Amino acid sequence: MDRLTRERKTIEIMIGIYCSGKHAMKDQLCEECNSLLEYANHRIDKCPYREIKPTCAKCPVHCYKPDKRDFVREVMRYSGPKMAYKHPILAFQHLFDGFKKPKRDK
């Protein structure tokens, strides 16, 4: 799985865990969480780092609007610990990606 596909999958799962736990949604995302997922995927598509993309927390370019950034942080704080149990391989890959230093794609 390439880096951007994995990033999309990670954020989708994290938002799903958050929405299920906080908004009691089981099989689909609520409107607010679905909007965040669409926004996150759009930002991933526009990322200047592409395949060498670091995790958003380590990225020198903050491409999320402040309100969306705050919402994503809330989602990650809630979902992050649960990822280790529900999706351990994806959680480990995301953690490993966080150690990479960003380099601009030329």
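Rule-based calculations on the coordinates, nothing more; no lab input. Being a predicted model, the structure only gives us computed values, none of them experimental. Every residue, glycine among them, receives a Cβ derived from its backbone with ideal geometry; neighbour counts consider all protein chains shown.
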Between beta-carbons, use under 13 Å as the cut-off and find the net charge around GLY80, counting Lys and Arg +1, Asp and Glu -1. +3
Total charge of the residues flanking GLY21 in space, meaning their Cβ is under 13 Å from its Cβ, with Lys and Arg +1 and Asp and Glu -1, is +4
Spherically averaged projected area of region 3-97 from its Cα convex hull (nm²): 5.7
Please list, in order along region 69-76, the HN-Hα scalar couplings obtained from phi with the Karplus expression 6.51 cos²θ - 1.76 cosθ + 1.60 (θ = phi - 60°), rounded to whole Hz, x for Gly and Pro. 4, 5, 5, 5, 4, 4, 4, 5
Please list, by residue number, every one of the GluC sites (Glu not before Pro) in the chain that is coil in DSSP and has at most 13 other beta-carbon atoms within 10 Å. none
Fewest first, what order do ILE52, ILE15, ILE44 take by the number of other Cβ atoms within 10 Å? ILE52, ILE44, ILE15
Loop-located chymotrypsin sites (Phe, Trp or Tyr not before Pro) in region 14-106, at most 15 other Cβ atoms within 10 Å (DSSP): PHE99
Just subtract the alpha-carbon distance of ALA84 and LYS65 from 0.36 nm times their residue separation and send over the number in nm, one decimal. 4.1 nm
Sum -39500 (n - 2.57) across every DSSP H segment of at least 4 residues in the chain, then divide by the residue count to get the 222 nm mean residue ellipticity, nearest 500. -21000 deg cm²/dmol
Please list 3J(HN,Hα) in residue order for region 19-28, calculated via the Karplus relation 6.51 cos²θ - 1.76 cosθ + 1.60 where θ = phi - 60°; whole Hz, with x for glycine and proline. 5, 5, x, 8, 10, 6, 8, 9, 9, 8
Give the residue list of trypsin sites (Lys or Arg not before Pro) in region 2-66 that are DSSP loop and have at most 13 other beta-carbon atoms within 10 angstrom. LYS26, LYS46
